[in-house]
Amino acid sequence: MANHLYDALFGRHEGSSADFLILPDGARVSHKDFSARAARFAGALVAAGLKPGDRVALQLEKSPDMLAVIAGAIRAGVVFLPLNTAYTASEVSYFMSDAGAKLLLCDGRAAAALAPVAAGCGSRLMVLNADGTGSFAGLAATAGPVPPAERGADDLSALLYTSGTTGRSKGAMMSHGNLLSNAEVLVDYWRFTDRDVLLHALPIFHTHGLFVATNVALLAGCPMVFLPKFDAGAVIRHLPQATVMMGVPTFYTRLLDDPRLTLDLVRNMRLFISGSAPLLAETHRQWQARTDHRILERYGMTETNMNTSNPYDGDRRAGTVGLPLPGVELKVCDAAGAELPGGEIGVIEVRGPNVFQGYWNMPEKTAEELRADGFFITGDLGLVDGDGYVTIVGRGKDLIISGGFNIYPKEVELALDDLPGVLESAVIGAPHPDFGEGVVAVVVPEAGADLDPQALQVALGDRIARFKQPKLIAIREGLPRNTMGKVQKNLLRDDFRDAFARSGSQGGF
Ligand code: AMP
């Protein structure tokens, strides 16, 4: 039976004893062993009662087994939702019920907190630990493997939840065809072959580490040095063994801070790729001075996979995200969707086989952002220069990107406004030397209330994931507003422009 994505990514390597994963301790996982594990996980999903099209939610630590569950879900035709491990139980509860997930897989340590969530959604909870133990692994051992389910290019493969500007996250529906077509283009554009070794230190609950990095490596047939998370020391230890690294800008700024980053360390490397957030032109220059490599910056998003990339052979221009990828149409439009002349700033719209199928269960949101002619309104503001290079100048939706993670101010504002004594709040991003942007919250107390920023921080602790929590909370008597009553966030951004200038790094990636 044909399974569009599984056959192309995993099926073709099934009998191969070549390395797929190289682990931090030097252990290796062959394609053959990985595929056998994936086939058993597919069997476990079927044994747990999931049928093609059903949803499984995964809140798991990055591990070879997490990847094998994803491969198993694709094999079984089960739609998977990878969830950030930082999400709280109440956030997981929203994703589970919105997606109607039948099964939640989590680490053993989280099981007690998540059991009521699964029960509340009428779903089953099973454990899969990063070391390969847990009830789901047990079921996989007894259930045995199942053959790939029949799936075509238009069938759903994954639901990736984006943050919602109104506090509600949206499940971006990615089809088998969306994912495979984009990976095929990238392998070619970035010249991947089976002689490459990809250094993989990104999370695999997000499109960058999951679809861009992993799918490209699988399609090229090259192994990945699979690190559980970004750690400058570990990356430096493994760079001599790699030929390509994909990272968010924070990876590059952190590595530049380390004196062990030398020309000799990167002698085996052929390509450094950056994306998910703007790479400062300054970082681009510093990287070239230290390593003699020009970072290749690309631009994409959850809903569209990758849209543009700087060229492999041609000019990689710092501060731009390059040219539309083959098969991707990109235009800059006004709010009504009329295309603007070259060089003018407007909203970037994209169309192509990479663009998602719409938002799960949200036809009205889908209609707002995905035009009938197939163009997706990205919400990013940008321009195209005379040579076709795209520059992103801002984010229409006030998205904050901190350490490569997206934070929608509205969600943090809603959590703050809900706290006793808070009248209102405005959340902005301020330049941060380590994270790109750091979250700043300006909070206005109710009359007579005495607010303590530290107490507000603590109160936010179990409401929103750690990466979304403000690094600075300032108490103000009021918020600046224009005559239309809108909060003037640009004035707040000016006020807090230097808030993190001297603070150095805080927290972890
Ligand atoms: P996500 O859906 O998490 O992948 O976030 C997508 C958003 O990240 C895009 O809409 C852009 O605003 C931003 N983004 C991704 N890559 C870049 C880049 N190279 N430069 C600037 N912004 C980027």
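The values are calculated or read from the model by the stated rules, or taken from the named source; none is laboratory data. Keep in mind it's a predicted model, so treat the numbers as computed, not measured. All Cβ positions, glycine included, derive from the backbone under ideal geometry; neighbour counts span all protein chains shown. The accessibility values were calculated without ligands, DNA or RNA, using every heavy atom of the protein model including side chains. Shrake-Rupley method; radii C 1.70, N 1.55, O 1.52, S 1.80 Å.
A few remarks follow.
- Residue count for segment 339-359, restricted to those that are open to solvent by 50 Å² or more (accessible area, probe 1.4 Å), farther than 24 Å from residue 170 by Cβ and not in a strand (DSSP E or B): 4
- Residue ID - nearest to residue 237 (Cα to Cα), chosen from residues in segment 269-304 that are part of a loop (DSSP other than H, G, I, E, B) and more than 9 Å from the ligand (Cβ to nearest atom): 269
- Those residues of segment 31-69 which are closer than 22 Å to residue 97 by Cα and open to solvent by 10 Å² or more (accessible area, probe 1.4 Å), in sequence order: 46, 47, 48, 49, 51, 52, 53, 54, 55, 59, 61
- Condition broken by residue 351, with the remaining ones in (1) modelled with pLDDT under 95; (2) over 19 Å from residue 408 (Cβ atoms); (3) away from the ligand (no atom under 12 Å from the Cβ) satisfied: (1)
- Within the option set 266, 321, being open to solvent by less than 60 Å² (accessible area, probe 1.4 Å), within 16 Å of the ligand (Cβ to nearest atom) and of a type outside the set (S, T, N, Q) holds for one residue only, 321.
- Residue check, residue 385 acidic (Asp, Glu) and open to solvent by less than 30 Å² (accessible area, probe 1.4 Å): no
- Strands (runs of 3 or more DSSP E) (entirely within segment 154-231) containing at least 2 residues that are within 13 Å of the ligand (Cβ to nearest atom) and touching a residue at least 60 places away in the same chain (Cβ under 8 Å): 156-162, 170-175
- Tally, over segment 186-215, of residues that are open to solvent by 20 Å² or more (accessible area, probe 1.4 Å) and under 29 Å from residue 407 (Cα atoms): 3
- When residue 85 is tested against (1) open to solvent by 10 Å² or more (accessible area, probe 1.4 Å); (2) at pLDDT 95 or above, just one condition goes unmet, and that condition is (2).
- Residue within segment 305-313 that is within 13 Å of the ligand (Cβ to nearest atom), open to solvent by 10 Å² or more (accessible area, probe 1.4 Å) and touching a residue at least 60 places away in the same chain (Cβ under 8 Å) present: no
- Looking only at segment 479-491, and only at residues there that are open to solvent by less than 60 Å² (accessible area, probe 1.4 Å) and part of a loop (DSSP other than H, G, I, E, B), the one that is modelled with the lowest pLDDT: 485
Results for (1) under 30 Å from residue 302 (Cβ atoms); (2) buried (at least 20 other Cβ atoms within 10 Å of the Cβ), shown as yes or no for each residue.
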site: 400; (1), (2): yes, yes
site: 420; (1), (2): no, no
site: 428; (1), (2): yes, yes
site: 437; (1), (2): yes, yes
site: 467; (1), (2): yes, no
site: 477; (1), (2): no, no
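- Residues that are more than 13 Å from the ligand (Cβ to nearest atom) and touching a helix residue (DSSP H, G or I) at 6+ places or on another chain (Cβ under 7 Å), drawn from segment 360-386: 360, 361
- Number of the condition not met by residue 229 [criteria: (1) at pLDDT 95 or above; (2) within 27 Å of residue 10 (Cβ to Cβ); (3) of a type in the set (D, E, K, R)]: (1)
- Picking from residues in segment 324-338 that are assigned to a loop (DSSP other than H, G, I, E, B) and more than 16 Å from the ligand (Cβ to nearest atom), the one that is most open to solvent (accessible area, probe 1.4 Å) is 335.
- Of everything listed in (1) in contact with a Leu (Cβ under 6 Å, 6 or more places away or on another chain); (2) under 15 Å from residue 75 (Cβ atoms), the single unmet condition for residue 144 is (1).
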